[in-house]
Structure formats: C-alpha cells, structure tokens
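The block underneath contains the structure these notes are about, expressed in structure tokens.
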Amino acid sequence: MSDTDTRDPTSLRTPIVAVLGHVDHGKTSLLDKIRGSAVIEGEAGAITQHIGATAVPLDIISTIAGDLVDPDDFDLPGLLFIDTPGHHSFTTLRSRGGALADIAILVVDVNDGFQPQTLEALDILKRSQTPFIVAANKIDTVPGWNENEDSPINDTYESQSDRVRERLDESLYEIIGNLSDEGFSADLYWRVQNFQRNVGVVPVSAMTGEGVPDLLTVMMGLSQRYMKEEMEIDVAGPGVGTVLEVKEEKGFGTTIDTVLYDGTIRADDQIVVGGMNEPIVTDVRALLQPRPLAEIRTESRFEKVDEVSAASGIKIAAPELADAMAGAPVRVVRDRDIDEVIDEVQAELADIAVDTAEEGVVVKADTLGSLEAMADALDEAEVPIVRAEVGDVAPRDVSVASTAEDGKQKAILGFNVDVLDDAEQRAEIEDVTIFTDEVIYQLIEEYEEYVEGIEQAQQ
Ligand code: GDP
C-alpha cells in the first residue's frame, strides 16, 4: 500500500472466486489441492471453513506462492473460494446486475480440451463480464513429464524435453486457439502482459500441485487490478447476501446457505429473503458454521455464532424459509426502514424476472441465475416462454404447458431439476413433452430437434 492510500484494508471485501469447467476436468481436485496446501502451510485454524466457501488469507497465499506473492503488494485480505464447483453455484451467486464471483478459474483438461460445459462456462463468463484465468489441468499425465513442484511452472515447463514440451504445447495451443475462437485473446500466463485484456493460461496439476502457486499469484494480481467499487464494503452495516442453497437441517428446519458479500449479520437480526411468491420477512433463529471435524461428536455438525461479516459463507436458520429460492437476495433490516428493505429485495428479484409471452414453453431451473441464463439462451433462439420458475417440474407446470395452441409449445424445459412423478404421469396424459438436461445448449438443441420433427411431420 502506498503512503497516500487512505483506504482502510478492512473495508475491502475478500474477492470471491468460482471454479468452472467441464465435468471430470479437475475442478474439485483443484479446490481440494488449494485447500490442502493452505492447511499444510497455515497454522491450525488459519484457513476458515465456511458454509459453502473456504477463506484463504493473504499470508497463507503468499506462503504457498513462495517468492511469487509479496503480501506488502496487496491490500486484499485473501481469497474466498466457493466450495461447489461448476456453473450451478456461479450462476446462483449473483448480486444486482451481475455475477457475484469477482474472478473465476476455468479448468480445462489438457487431454480432453474444450467440451460442451467448457463452452457453456465461457458463455456465462462472457455475459457476466467476469475476469478469469484458465487452469490447463493434468499436465502430470503428459507422457514423460518431469515433475518439479518447487519451481515456478514456466521454469518447470522449460526444463522438459523437447518431445514432452511439443506434446503439451499441442494441447495448450489448442486451448488458446479455442479461446480465441470465442473472442478471447489468450496466451501462456508468463507471456501475458495485460491480464485485463488477455486471458492467462496456467498449466497446472491438481494432483502434484505444480502450477498452483502460479495460479494463486495470477488470481491475486487479477483481483487487485479489478478491485472495483463494489469491493469496498461497509463491514459494520446491515448484511447483504445471496442464497446459495435452501436445505432442511435436522433440528433447525429449513435453512439457507448464504454468501454474505457486504456488511454484518447477527444472530438477533430481522432479515428479508427473496421467496417464490413474495419477499419473506423473518427473524434469524441461529447463525451456523461447520464445526471443526475433530469436535464433531454426537451433537450437531454445526456451531452457533453470534455474527459474521462479509465476505463469508453462513447457514441461516429462521422460520418461514420454505419458499426461499437459491439465487435470491438476503438483506438484514436492523435499524433500517423495513419497507425500504422489502422494496430493495423486490427490485432485485424483478431484475432477474423473465419476460413471458401469452404463449410459449414452460421453463424450470434450479436457481434464479440459471433461469436467467436459460431465458437469455431461449431469447437468442427465438423461443417464447409462457412461464419461468425456479423448482422441479410439477403437475401445475404440465397444466400450463398443455394449454398451448401450438403443438411445438406443449413443452417443458427443465435445467438441472427433477421431474416429479405426478408431473410425469400428467404429461403423458396431456401430451406434453418434458426435456431435462444439465447443459443449457444441449437442452435447447433437444427442444429444437423436437420442433423440427413436428414440422417435418406436418409437411
Ligand atoms: P470435476 O468433475 O471437474 O470436479 O473433476 P474431479 O476433480 O472430480 O476430477 C476428475 C478425475 O480426474 C478424478 O479421478 C481426479 O483424480 C482426476 N484428476 C484431477 N486433476 C488431476 C490432475 O491434475 N492429474 C491427474 N493425473 N488426475 C487428475
């Protein structure tokens, strides 16, 4: 920090990091490796396990990264990694007007290259304008690879035989080419001068840990550069967050796993939460954090805390949460005017609301963010929507779809959701077709094929 810099470091939020990429490309392994390294390097208790997230403080990052990160160069407290990888949690984590994750790691398996979910993740990153870096993972599987965990990855890369480098280069340049096809100028990270304009590709192994220090270094640099106004927070102010998941918890009833990105929430606060039908006004019953593994005996996996400040992951137990939605806002009322807080929650929900037409398909998704991503993709494909909601496919969705005059619109598109048994039965009777998938554009492709089939049959 320079002498003229008057910012109070405690008022800068910990950057929130999400990990995206195709299934099996190593997202979970990479997160585990980062967490594991942090546990090894840190003294006991140095990293804090949150609900849904892991906080790695700056001093631990700089220990892991060795010479690469000088803590004096940074005024950020560290990084908060969202524990659930994939675009599910990324799209859930939204604040008004955009993604809540400040930066993302896109994991690509060097053997497998770009796959459908890689492209989908890129699309989401593009739309939300989230800066990201690419972790080109599993370099240890390149035949002949000579492991060296202690050197920066560019030195390790240079020290490989020509043959090994050629093999790896082929994969790396394919990834760089794919990124370029999608409109991103990318290069191996040690050749990137300006991370704001170019995507750095960091070869890593989530298995051996090679490249992980480099990855953390680039992420700290990116966060520092992108430090924007939203990252200056009012720590003592009333908390603001987003629901990651709505869960039943034994002894606590319905709880919401929340990422708090501004202010503080206390165990005696009144809160307003976005619900399926209207904002829910309720009083916090308990704030819960996971108990350290060693302390779990027969009692609850959770321990109660009095308050937490942003950025944190916290489980909130409160009455009336049954209708809370993943992706919905959570706001603490405290000494504010309650109507004003309700208005803010409503405005945030309206921001995500999907425009519906008189006729069209029914869309269901697991979170508000993914519902929005679905609606955008359907808009691009010029498919009208009659109803868009968070939740599993239920009989009443079938009733809505069955009233469509146009046979092509007697359809329900479910993203990352289940179909309830009654709904399945009713769909058969009412001649409604239900499509479900975990990849948005595959789901839309399936629907388009179905429409083509109907059109051909009509000719
Ligand atoms: P995810 O679905 O993206 O979360 O992928 P996982 O982290 O579950 O990894 C999928 C498989 O790849 C697992 O069997 C991992 O052990 C393996 N894997 C992940 N990263 C690496 C790596 O860097 N090297 C090797 N050899 N295997 C890896």
Condition met for THR130 (modelled with pLDDT under 80, within 26 Å of GLU245 (Cβ to Cβ), more than 16 Å from the ligand (Cβ to nearest atom) and not in a strand (DSSP E or B)): no
SER171 modelled with pLDDT of 95 or more, within 16 Å of the ligand (Cβ to nearest atom) and out of contact with any Gly (no Cβ under 6 Å at 6 or more places or on another chain): yes
Residue satisfying condition, being free of Cβ contacts under 8 Å to residues at least 12 places away in the same chain and either in a loop (DSSP other than H, G, I, E, B) or surrounded by fewer than 20 Cβ atoms within 10 Å (Cβ to Cβ) (or both), within set ASP351, ASP355, ASP339: ASP339
Filter result (over 15 Å from LYS364 (Cβ atoms) and of a type in the set (Phe, Trp, Tyr)) within segment 408-459: TYR441, TYR450
Some residue of segment 211-225 being more than 30 Å from GLU307 (Cα to Cα), touching a residue at least 12 places away in the same chain (Cβ under 8 Å) and touching an Asp or Glu at 6+ places or on another chain (Cβ under 8 Å): no
Matching residues, segment 179-236, being of a type in the set (Ser, Thr, Tyr) and either closer than 18 Å to THR28 by Cα or under 22 Å from the mean Cα position of the chain (by Cα) (or both): SER205, THR208, THR217, SER223, TYR226
Unmet criterion (only one of (1) more than 15 Å from the ligand (Cβ to nearest atom); (2) under 16 Å from LEU106 (Cβ atoms); (3) not polar (S, T, N, Q)) for ARG225: (2)
Filtered residue count, segment 143-160, keeping only those that are open to solvent by 50 Å² or more (accessible area, probe 1.4 Å), within 26 Å of ASP67 (Cβ to Cβ) and in a loop (DSSP other than H, G, I, E, B): 6
Enumeration of residues in segment 292-319 that are modelled with pLDDT under 95, open to solvent by 50 Å² or more (accessible area, probe 1.4 Å) and of a type outside the set (Gly, Ala, Ser): PRO292, LEU293, GLU295, ILE296, ARG297, THR298, GLU299, ARG301, GLU303, LYS304
Among residues of segment 14-33, those that are near the ligand (Cβ under 6 Å from one of its atoms) and surrounded by fewer than 23 Cβ atoms within 10 Å (Cβ to Cβ), counted: 4
Whichever residue in segment 191-211 is among the β-branched types (Val, Ile, Thr) and near the ligand (Cβ under 9 Å from one of its atoms) and, among such residues, is modelled with the highest pLDDT: VAL204
Single residue of segment 34-51 satisfying the filter (within 16 Å of the ligand (Cβ to nearest atom) and crowded, with 21+ Cβ neighbours inside 10 Å) that is modelled with the lowest pLDDT: SER37
Residue match in segment 367-379 (condition: outside any helix (DSSP H, G or I) and either over 14 Å from LEU443 (Cβ atoms) or open to solvent by less than 10 Å² (accessible area, probe 1.4 Å) (or both)): yes
Output for segment 212-225, where each listed residue is within 18 Å of GLY36 (Cα to Cα) and in contact with a Phe, Trp or Tyr (Cβ under 8 Å, 6 or more places away or on another chain): ASP214
Single match in ASP72, ASP112 (criterion: surrounded by fewer than 22 Cβ atoms within 10 Å (Cβ to Cβ) and in a helix (DSSP H, G or I)): ASP72
Options LEU287, LEU260: the member that is surrounded by 23 or more Cβ atoms within 10 Å (Cβ to Cβ) and touching an Asp or Glu at 6+ places or on another chain (Cβ under 8 Å): LEU287
Of the criteria (1) at pLDDT below 95; (2) assigned to a helix (DSSP H, G or I); (3) open to solvent by less than 50 Å² (accessible area, probe 1.4 Å), which one VAL398 fails: (1)
Among (1) touching a Pro at 6+ places or on another chain (Cβ under 9 Å); (2) over 25 Å from PRO15 (Cβ atoms); (3) buried (at least 17 other Cβ atoms within 10 Å of the Cβ) - the single one ALA267 does not satisfy: (1)
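Per-residue answers, yes or no, for (1) assigned to a loop (DSSP other than H, G, I, E, B); (2) within 26 Å of LYS33 (Cα to Cα):
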{"residue": "VAL199", "(1), (2)": "no, yes"}
{"residue": "GLU210", "(1), (2)": "yes, yes"}
{"residue": "THR254", "(1), (2)": "no, no"}
{"residue": "ASP257", "(1), (2)": "no, yes"}
Evaluation of GLN442 against (1) assigned to a helix (DSSP H, G or I); (2) over 25 Å from PHE90 (Cβ atoms) (one fails), failing number: (2)
Residue in segment 120-142 that is open to solvent by 30 Å² or more (accessible area, probe 1.4 Å), under 17 Å from GLU174 (Cβ atoms), in contact with a strand residue (DSSP E or B) (Cβ under 6 Å, 6 or more places away or on another chain) and not hydroxyl-bearing (Ser, Thr, Tyr) present: yes
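The values are calculated or read from the model by the stated rules, or taken from the named source; none is laboratory data. Computed from a predicted model, the values in this text were never measured in an experiment. Cβ: placed from backbone, ideal geometry, glycine included. Neighbour counts: every protein chain shown. SASA here: full protein model, heavy atoms, side chains in, ligands and nucleic acids out. Shrake-Rupley method; radii C 1.70, N 1.55, O 1.52, S 1.80 Å.
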